[in-house]
1. Does at least one position in region A:170-186 carry a residue that is at pLDDT 90 or above and at the interface with another protein chain (Cβ under 8 Å from one of its Cβ atoms)?
2. If A:Glu221 passes every condition in (1) of a type in the set (D, E, K, R); (2) in contact with a helix residue (DSSP H, G or I) (Cβ under 6 Å, 6 or more places away or on another chain); (3) part of a helix (DSSP H, G or I); (4) modelled with pLDDT of 85 or more but one, which one does it miss?
3. Kindly indicate whether B:Ile246 is in contact (Cβ under 8 Å) with a residue 60 or more places away in the chain, buried (at least 22 other Cβ atoms within 10 Å of the Cβ), within 24 Å of B:Met108 (Cα to Cα) and among the aliphatic types (A, V, I, L, M).
4. For region B:60-81, how many residues are among the polar types (S, T, N, Q) and in a helix (DSSP H, G or I)?
5. Of all residues in region B:280-301, count the ones that are closer than 30 Å to B:Pro242 by Cα and at the interface with chain A (Cβ under 7 Å from one of its Cβ atoms).
6. Within region B:257-270, which residues are more than 9 Å from every other protein chain (Cβ to nearest Cβ) and modelled with pLDDT of 85 or more?
7. Kindly evaluate A:Ile266 against the criterion of being within 10 Å of chain B (Cβ to nearest Cβ), in a helix (DSSP H, G or I) and surrounded by 19 or more Cβ atoms within 10 Å (Cβ to Cβ).
8. How many of the residues making up region A:110-125 are among the polar types (S, T, N, Q) and either at the interface with another protein chain (Cβ under 7 Å from one of its Cβ atoms) or on the phi > 0 side of the Ramachandran plot (or both)?
Amino acid sequence: MKEGRPRSFYVLAIFFAGYVLFLYGPMIAIYVLSFQGPQGGLTFPMNGVSTFWIAKLFQGTGIVDLGAAFRRSLLLGIIVMIVTVVLSVAAGMAFRRRFKAQSLLFYSAIASLIVPSIITSLGISLEFRIIDDLIKAHWNENFETSMGLLTSGLGAHLTWTLPFGLLIMFAIFNRFDPRLEEAARDLGATPWQTFRHVVLPIILPSVIGIGLFGFTLSWDELARSSQAIGAVNTLPLDLQGLTTTVTNPDIYALGTVISAVSFTVITLALGTIHMLNKRQAAKGSDAGKGLV
Amino acid sequence: MSEEVLQQASPGLIPGSGTARAAKPTRLSPSFISWLQAGPMMLVFLAFFLIPLVFVVIVSFWDYNEYQLLPAFSGRGYTDTFEGCIAQLPDLCTIGKTYVKTLKLCFMVWAITLFIGFWVAYFLAFHVKSKTWQMGLSLLCTIPFWTSNVIRMIAWIPLLGRNGLVNSGLVKTGLINHPLEWLLFSEFSVVLALVHLFTFFMVVPIFNSMIRIDKSLIEAAYDAGATGFQTLVNVIIPLAKPGIVIGSIFVITIVMGDFITIGVMGGQQIAAAGKIIETRVNALQFPAAAANAVILLVITFLIITMMSRIVDIKKEL
């Protein structure tokens with residue numbers, strides 16, 4: 001091969017830089033615009049610099065009840081994260097053995113990922129409407145609805161986060177060395193001890209990745225929430241509602257706050273993953289490496 | 001942790017007294033453990049994905065009035081959807097035009113995301129040599145995917161609006177006299193936003209395929225006298241094909257069902273398959289919404305079947 005970098009490197013490097021600019025440029029624009037002065041509008045140039053619009057959100061005097069929607073989204077995100085981690089790890093372990101219904105579960109996950117969200121969302125909403133009608137007809141005439149944040153809403157979000165969790169587990173166990181478990185078993189560990197003290201520490205960085213996916217996908221989820229969440233709104237739904245009526249930088253301020261939470265969670269998770277990897281590299285043994 | 005607690009929490013041991021059988025006091029069969037492990041996820045998909053899909057199909061054949069669903073067999077959901085279509089032939093009726101428009105948007109977004117995604121993945125996989133840089137740059141592309149889609153949509157307003165940066169820039173430099181009206185709330189802005197949102201789904205699978213290509217194959221092609229272009233067409237593209245197909249399936253299914261981006265960026269003016277469903281739901285015409293969902297599902301399924309002929313998805317994961 002030729003010495004130095006080929007010309008295609010520079011062409012593609014510029015292309016890549018352009019793509020990154022395209023990705024981030026518009027977002028940075030609204031983060032900046034959310035710091036408009038009180039007289040500021042929806043476009044550049046800036047009309048003064050202040051935290052007026054962000055403060056207005058938190059006073060609750062603005063366009064949405066930010067506090068309530070914020071808490072709802074956060075609660076849902078955390079529950080989705082926990083459920084996604086637990087179910088994905090368990091199912092990931094199951095897939096290391098052959099079992100009946102293996103293909104069914106696999107294809108359900110893939111289908112759930114690629115069937116358009118609006119269809120899943122509509123289906124869940126119909127399902128709960130039919131359940132409501134049954135309850136009204138047979139048990140309680142005054143029953144309102146079984147749809148809600150933690151019933152239909154939680155289910156809708158899980159159909160989106162679980163496939164990602166499962167796919168990440170596949171990637172983890174593709175690289176996992178089962179001899180480590182054999183060694184633990186030979187030393188007399190119970191299956192749970194093997195999992196707790198051998199498998200889990202090794203896969204922990206990726207498990208945190210699954211949690212990160214679970215939370216942020218739920219936190220920003222919109223299409224599946226749209227029909228399935230019930231009477232209340234999550235933060236993204238409020239934000240979407242605003243897009244048709246908005247005239248003030250409120251909307252940018254709300255966008256900035258939502259993004260800030262996303263970025264905080266991403267940073268925390270990546271930091272933890274990095275720390276765990278470093279710890280693993282420092283404390284892990286290299287026994288047997290020279291033999292292979 | 002005490003031994004007793006371990007026993008209770010262990011997936012491999014009988015957890016309490018209730019299930020213990022006299023003959024086999026300690027171990028559960030491996031298939032039962034598999035059920036315990038995979039069962040919960042299966043239940044979620046059953047309750048919130050498979051059964052709802054069945055309901056969509058069933059309800060699409062129900063009748064309805066202004067107030068409620070009527071559980072009686074009827075083809076009204078479908079006939080209302082295609083109302084007047086046969087009379088209008090050979091011209092396309094509204095629903096036909098909407099689907100053609102959706103497919104057109106879909107094709108445009110697919111072609112653009114494929115082009116961008118392929119070269120971004122190519123750059124990351126073959127030109128970035130250091131692992132640290134490779135990870136850092138991939139992460140840079142991934143982070144926006146983790147943040148709100150609506151925010152990434154409205155981010156275009158200050159740039160493309162009537163008084164936005166692009167228009168005022170063009171007017172100031174004298175290239176145009178009046179602000180361009182078609183920049184925002186148009187097909188152009190819809191395609192732009194969709195590309196902005198979903199190129200990620202193209203980059204990741206293609207990158208995954210490319211990173212697995214054995215570099216010695218490329219050197220072999222080089223040694224055998226292939227030009228860069230020949231290597232690309234005869235070695236890299238065939239080996240990256242699974243990633244290309246998986247990325248394409250993602251982008252196509254997302255765009256086919258999208259109604260939010262098309263709504264927000266099209267100024268609620270552009271009709272698309274997903275929007276029909278949303279409109280019908282808002283009008284409480286659930287059977288009609290379900291009928292449209294079934295039609296959309298069938299079209300999406302046909303596209304995926306066609307594409308998965310090219311590659312075995314399960315083998316690639």
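The values are calculated or read from the model by the stated rules, or taken from the named source; none is laboratory data. Bear in mind that the values here come from a model prediction, so they are computed numbers and not experimental data. Because the Cβ atoms are built from the backbone with ideal geometry, glycine has one as well, and the counts that use them run over all protein chains shown.
1. yes
2. Going through (1) of a type in the set (D, E, K, R); (2) in contact with a helix residue (DSSP H, G or I) (Cβ under 6 Å, 6 or more places away or on another chain); (3) part of a helix (DSSP H, G or I); (4) modelled with pLDDT of 85 or more one by one, A:Glu221 breaks only (3).
3. So B:Ile246 fits the description; yes.
4. 2
5. Residues of region B:280-301 closer than 30 Å to B:Pro242 by Cα: B:293-301.
Then drop every residue that is not at the interface with chain A (Cβ under 7 Å from one of its Cβ atoms), which leaves B:293, B:296-297, B:300.
The total comes to 4.
6. If the condition is that a residue be more than 9 Å from every other protein chain (Cβ to nearest Cβ) and modelled with pLDDT of 85 or more, then B:Thr261, B:Ile262, B:Met265, B:Gly266, B:Ile270 are the ones that fit.
7. Details: within 10 Å of chain B (Cβ to nearest Cβ): yes; in a helix (DSSP H, G or I): yes; surrounded by 19 or more Cβ atoms within 10 Å (Cβ to Cβ): no.
In short, no.
8. Counting residues in region A:110-125 that are among the polar types (S, T, N, Q) and either at the interface with another protein chain (Cβ under 7 Å from one of its Cβ atoms) or on the phi > 0 side of the Ramachandran plot (or both) gives 3.
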